[in-house]
Amino acid sequence: MRDYDLIDIAGSALRAERVRMDVIAGNIANMKTTHAADGTVQPYLRKLVSFKTVMDEQTGLVKGVGTDSIMNDVEALNVVYDPSHPDADEKGYVYYPNISIEEEMTDMISSKSAYQANITSIQTFKEMFSAGLEI
């Protein structure tokens, strides 16, 4: 493994965490979305990011981190009785996205911590590399 591969690996993790942060921001923005863009009553479904290890096909060594997929959460929707809501069903229930602000904020903090850890590893590598050049 070349030394600068470490920066590539950390950089790939930064990109993956950025995707995760974007998905979390989208979840938060759609917490109250009860219909699709075409106007049909269809609540937004919380999105989750799945990560994968990226391997070098020639050497079999870890090359980085990537996003495997962005999938819909399978948890049940939040159901609220509000017959005055325009998207209420015939029984007066409104189906809201399965999004919890507490869970999204916890995920955002986790993503931010991982992002910061990867930046710190890149900075540490750069400092060590610079110190090595001074010898």
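The values are calculated or read from the model by the stated rules, or taken from the named source; none is laboratory data. It should be emphasised that the depicted structure is a prediction, and the values quoted were computed from it without experimental measurement. Reconstructed Cβ throughout: ideal geometry from the backbone, glycine too, with neighbour counts over all protein chains shown. Ligands, DNA and RNA are stripped out before the accessible areas are found, and what is left, the full protein with its side chains, is counted by its heavy atoms. Shrake-Rupley method; radii C 1.70, N 1.55, O 1.52, S 1.80 Å.
Restricting attention to region 22-46, report how many residues are open to solvent by 60 Å² or more (accessible area, probe 1.4 Å), within 22 Å of SER111 (Cα to Cα) and among the charged types (D, E, K, R).
1
Yes or no, residue by residue, for (1) more than 25 Å from GLY26 (Cα to Cα); (2) among the β-branched types (Val, Ile, Thr):
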site	(1), (2)
ALA88	no, no
TYR93	no, no
ILE99	no, yes
ILE109	no, yes
ILE122	yes, yes
GLU127	yes, no
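Tally time: how many residues in region 70-110 are under 25 Å from VAL19 (Cβ atoms) and of a type in the set (D, E, K, R)?
Qualifying residue count, region 70-110: 6.
Considering VAL94, VAL19, which residue is open to solvent by less than 90 Å² (accessible area, probe 1.4 Å) and in contact (Cβ under 8 Å) with a residue 60 or more places away in the chain? First the steps, then the outcome.
Details: VAL19 fails: in contact (Cβ under 8 Å) with a residue 60 or more places away in the chain.
When all the criteria are applied, what remains is VAL94.
Are any of the residues in region 55-64 in a strand (DSSP E or B), without any contact (Cβ under 8 Å) to a residue 40 or more places away in the chain and over 17 Å from the mean Cα position of the chain (by Cα)?
Looking through region 55-64, at least one residue is in a strand (DSSP E or B), without any contact (Cβ under 8 Å) to a residue 40 or more places away in the chain and over 17 Å from the mean Cα position of the chain (by Cα).
Before we move on, is ARG46 over 30 Å from ALA88 (Cβ atoms) and not small (Gly, Ala, Ser)?
Details: over 30 Å from ALA88 (Cβ atoms): no; not small (Gly, Ala, Ser): yes.
Spelling it out, it is not the case that ARG46 is over 30 Å from ALA88 (Cβ atoms) and not small (Gly, Ala, Ser).
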